[in-house]
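So the structure is just underneath, and the comments pick up after that.
The values are calculated or read from the model by the stated rules, or taken from the named source; none is laboratory data. What you see is a predicted model; the values in this text were computed from it and never measured. Cβ placement follows ideal geometry from the backbone for every residue including glycine, while neighbour counts extend to all protein chains displayed. These accessible areas exclude ligands, DNA and RNA; they are computed on the full protein's heavy atoms, side chains included. Shrake-Rupley method; radii C 1.70, N 1.55, O 1.52, S 1.80 Å.
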Amino acid sequence: RDEMSTMTIGRLAKQVGVNIDTIRYYERNGLIPEPVRRASGYREYETADVRRLRFILRAKDLGFTLSEIGELLSLSADRDVRGVKRRAEEHLDQVEQKIKELQRIRRGLKTLVDACPGHGDLERCPIVAALSGEDER
């Protein structure tokens, strides 16, 4: 290992734009391998760790859980393109279901908001009545 091509946890954190605790958290959860330590005791990271950390952050941004990210990393390490695609398709299906559910919630909220004049007696507010179960038909 050439110390010139490695970096400390602080430098890795700065390069990727996360804090040090985030990196340690991913290490504890097995998403980033435990790094080699220098004689001084400092953790020693490589450019592969930068790529891996960016992968984790992008996958998180796409809504993958840490467990799913671990699975994707494992599939990637095995060079299992089919497995990666299958897992991404499953995640896409889950996202599509969440979108449908959110659209249903939006329609319901819009109906309630449109029905409420925004003034008058609270007892006559259609939003409060709906949430209280008083508008059951």
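Treating each Cα of the chain as an identical point scatterer and summing with the Debye formula, the log10 of I(q)/I(0) at q = 0.21 Å⁻¹ comes to -1.21.
For the stretch 89-130, the solvent-accessible area with a 1.4 angstrom probe is 85 square angstrom per residue. Which of GLU101, GLU123, GLU46 moves most in a GNM of the chain, Cα contacts under 10 Å? Ranking GLU101, GLU123, GLU46 by mean-square fluctuation puts GLU123 first.
Within the chain, the whole DSSP H helices whose Cα atoms reach 27 Å or more along their own axis and whose mean Kyte-Doolittle score is at least -1.0 are 81-115.
Charging the Cβ of each Asp and Glu at -1 and of each Lys and Arg at +1, and nothing else, the dipole of the chain about its Cα centre rounds to 560 debye. Classification of the stretch 50-122 by its C-alpha gyration tensor yields a prolate form. The axis ratio a/c (a ≥ b ≥ c) is 1.5 or more, and a/b outweighs b/c.
Expressed as a whole percent, the accessible surface of the chain that belongs to carbon and sulfur atoms is 52, based on a 1.4 Å probe.
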